[in-house]
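The values are calculated or read from the model by the stated rules, or taken from the named source; none is laboratory data. Remember, it's a predicted structure, so these values are computed and weren't measured experimentally. Cβ sites come from the backbone with ideal geometry, for glycine too, and all protein chains shown count toward neighbours.
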Amino acid sequence: MEKYTKRIMITGGAGFIGSHVVRRFVTHYPAYLLINVDKLTYAGNLENLIDIENNPNYVFEKADVVDKKAMDELFLKYKITDVIHLAAESHVDRSIEGPMEFVFTNVVGTVTLLETARKHWVDKEPHVFYHVSTDEVFGSLEEEGFFTEQTPYDPRSPYSASKASSDHFVRAYFHTYQLPIKLSNCSNNYGSHHFPEKLIPLMITNILNEKPLPIYGNGLNIRDWLWVEDHASAIDVIFHNGKVGESYNVGGLNEWTNISLVHYLCQLMDEKLGRPAGSSAKLITYIADRAGHDQRYAIDAHKLDEELAWKPSITFEEGLSKTIDWYLDNTEWIKKVTSGDYQNYYTKQYHNR
């Protein structure tokens, strides 16, 4: 273990965002050992990392962050120097149906990790506990304004409440125990390997299969969209150069109403599939709005730009085109993750975060 300069536990590394973070760190930092810890729930899939699974600086451990004994054993086994914590239950609709799972994973799991790190990091070596969170903790915006790092928390769903609680615990461990934490809150991500219950991958797969495209309410809810690989690069920058004890907002500076996004997606899909213009848009179906549906999210990422010189690398149009191409080239992946037990939930056509 000593041959590696860092031994980083990445929790939730088999999931959507986590797999992109793992891949980036494994390929960019051969002197680091990356330990991917994932429970492998419905959204965790080791096929997301098949291209790097044999790299010498990568290992996978199936474990639940709520399991204190398992976390303690992993810290001992790998002499963990740092944590990038992404493991979380993340879908709003699921949290409305069953909030307790979100409390266990997102709150208890985070505190379990914090306690484990506090127990083991008693040496004088530098450590980082990096907690990756969401902009949903800030609540809902009106037509103007942006979420900043100073925006008061105002969570509106069981999911966002669980993430807000975990954020508070992370900051409390910094102030109470001087645990070296970093924290970021990110806007909606999109890109490859996204489980098809979220808006963009659901619409792509439903258009591909000529199924209805369900839109909550009037479709005018607004989200700020960020390419997942840009989020991974932001996590990289914050992990290495962000200030201990600080939080950073990560956003795409890219607001779309849900209905405008779906119409644009339909246009691109018609072009790529060689279908007559307007074919996919005919599949749009309005459904009853979700309970507590936040109207607008918008991130002010100036702090990250000014202090750490980070900006999104590509436009939304470029990123969305790349995303569609990946799903069209990986229809077998879609079939696998939406088969069996997954299919029962997927067919409910839930989408937005």
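List of remarks:
- Which listed residue is of a type outside the set (K, R) and at pLDDT below 95, from A309, A288: A288
- Among residues of segment 24-40 being touching a residue at least 40 places away in the same chain (Cβ under 8 Å) and within 20 Å of V228 (Cα to Cα), the one that is farthest from the chain's Cα centre (by Cα) is H28.
- Boolean, I259 is β-branched (V, I, T), touching a Phe, Trp or Tyr at 6+ places or on another chain (Cβ under 8 Å) and under 27 Å from P155 (Cα atoms): no
- Single condition H263 does not satisfy, out of (1) within 22 Å of the chain's Cα centre (by Cα); (2) modelled with pLDDT of 95 or more: (1)
- Residue within segment 119-135 that is more than 21 Å from A43 (Cβ to Cβ), of a type in the set (A, V, I, L, M), crowded, with 23+ Cβ neighbours inside 10 Å and touching a residue at least 12 places away in the same chain (Cβ under 8 Å) present: no
- Selected residue (only one of S90, S95 is hydroxyl-bearing (S, T, Y), at pLDDT below 95, part of a helix (DSSP H, G or I) and surrounded by 20 or more Cβ atoms within 10 Å (Cβ to Cβ)): S95
- Residues considered: G12, G18. Of these, the only one that is at positive phi and touching a residue at least 24 places away in the same chain (Cβ under 8 Å) is G12.
- Matching residues in segment 303-315 - criterion: being in a helix (DSSP H, G or I) and surrounded by 21 or more Cβ atoms within 10 Å (Cβ to Cβ): L304
- F146 being in contact (Cβ under 8 Å) with a residue 60 or more places away in the chain, more than 15 Å from S187 (Cα to Cα) and surrounded by fewer than 21 Cβ atoms within 10 Å (Cβ to Cβ): no
- Count - residues of segment 159-189 that are part of a loop (DSSP other than H, G, I, E, B) and either modelled with pLDDT of 95 or more or surrounded by fewer than 16 Cβ atoms within 10 Å (Cβ to Cβ) (or both): 3
- Taking segment 1-19 as the range and being under 14 Å from Y58 (Cβ atoms) and part of a helix (DSSP H, G or I) as the test, the residues that pass are G18, S19.
- Any hit, segment 250-265, residues being closer than 21 Å to D167 by Cα and touching a residue at least 12 places away in the same chain (Cβ under 8 Å): yes
- Only listed residue being hydroxyl-bearing (S, T, Y), modelled with pLDDT of 95 or more and surrounded by 14 or more Cβ atoms within 10 Å (Cβ to Cβ), chosen from T323, T338: T323
Here's the yes/no breakdown for (1) under 20 Å from the mean Cα position of the chain (by Cα); (2) under 18 Å from T134 (Cα atoms); (3) at pLDDT 95 or above; (4) not aromatic (F, W, Y):
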site	(1), (2), (3), (4)
K198	yes, yes, no, yes
N209	no, no, no, yes
H240	yes, no, yes, yes
G245	no, yes, yes, yes
I259	no, no, yes, yes
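- In segment 16-42, residue nearest to F102 (Cα to Cα) [restricted to those that are aliphatic (A, V, I, L, M) and surrounded by fewer than 19 Cβ atoms within 10 Å (Cβ to Cβ)]: L40
- Residue that is farthest from A70 (Cα to Cα) [pool: residues in segment 113-158 that are in a helix (DSSP H, G or I) and in contact with a Pro (Cβ under 8 Å, 6 or more places away or on another chain)]: F138
- Matching residues in segment 119-133 - criterion: being in contact with a strand residue (DSSP E or B) (Cβ under 9 Å, 6 or more places away or on another chain) and modelled with pLDDT of 95 or more: W121, H127, V128, F129, Y130, H131, V132, S133
- Qualifying position, being closer than 17 Å to N188 by Cα and among the aromatic types (F, W, Y), among Y130, Y153, Y159: Y159
- Candidate set: segment 43-78, residues that are loosely packed, with under 15 Cβ neighbours inside 10 Å and in contact (Cβ under 8 Å) with a residue 40 or more places away in the chain; chosen: the one farthest from the chain's Cα centre (by Cα): L76
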